[in-house]
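Report on the following structure.
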Amino acid sequence: QVQLVESGGGLVQPGGSLRLSCAASRIIFNIYNMGWYRQDPGKQRELVARIFADGTTNYADSVRGRFAITRDNAKNTVYLQMNNLRPEDTASYYCNAQRHHRDYWGHGTQVTVAS
């Protein structure tokens, strides 16, 4: 069974930083496209950032310039460095692994940005 385990969430003040990690197991990590999504209660899950197997990245407009997604294929881990956090970044953040028709999700980690 594929597992994606997120960590690194928490409470941070506006302007602060957090780094999320997602450790993957039981997949050939380096051929998967990896992404971070977020969801607030009552809202649709939205893409935050994605890093493809070839290293190409893309970002939601709302986080571009503040967040950075990276991957370490040797550690089967994808990271999301989040800087200059804003209250509107508050959400549950989910890790995603995708390749063709295969689509896997972690259970999420909560990020709360508040004074």
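The values are calculated or read from the model by the stated rules, or taken from the named source; none is laboratory data. This structure is a prediction, so every number in the text was calculated from the model and none was measured. Counting neighbours? That spans all protein chains shown, and the Cβs are built from the backbone with ideal geometry, glycine included. Just so you know, the surface numbers come from the protein's heavy atoms only, side chains and all, with ligands and any DNA or RNA stripped out. Shrake-Rupley method; radii C 1.70, N 1.55, O 1.52, S 1.80 Å.
Side notes on the structure shown:
- 1 or more residues among the hydrophobic types (A, V, I, L, M, F, W, C): qualifying strands (runs of 3 or more DSSP E) within segment 26-109: 33-39, 46-51, 67-72, 77-82, 91-99, 102-105
- Complete set of residues in segment 45-61 that are closer than 18 Å to Gly9 by Cβ and out of contact with any strand residue (DSSP E or B) (no Cβ under 7 Å at 6 or more places or on another chain): none
- Residue ID - most open to solvent (accessible area, probe 1.4 Å), chosen from residues in segment 62-95 that are β-branched (Val, Ile, Thr) and more than 16 Å from Gly10 (Cα to Cα): Thr70
- Hits in segment 84-108 (condition: within 11 Å of the chain's Cα centre (by Cα), among the hydroxyl-bearing types (Ser, Thr, Tyr) and closer than 26 Å to Asp54 by Cα): Tyr93, Tyr94
- Among (1) touching a residue at least 12 places away in the same chain (Cβ under 8 Å); (2) surrounded by 14 or more Cβ atoms within 10 Å (Cβ to Cβ), the one test that Tyr59 misses: (1)
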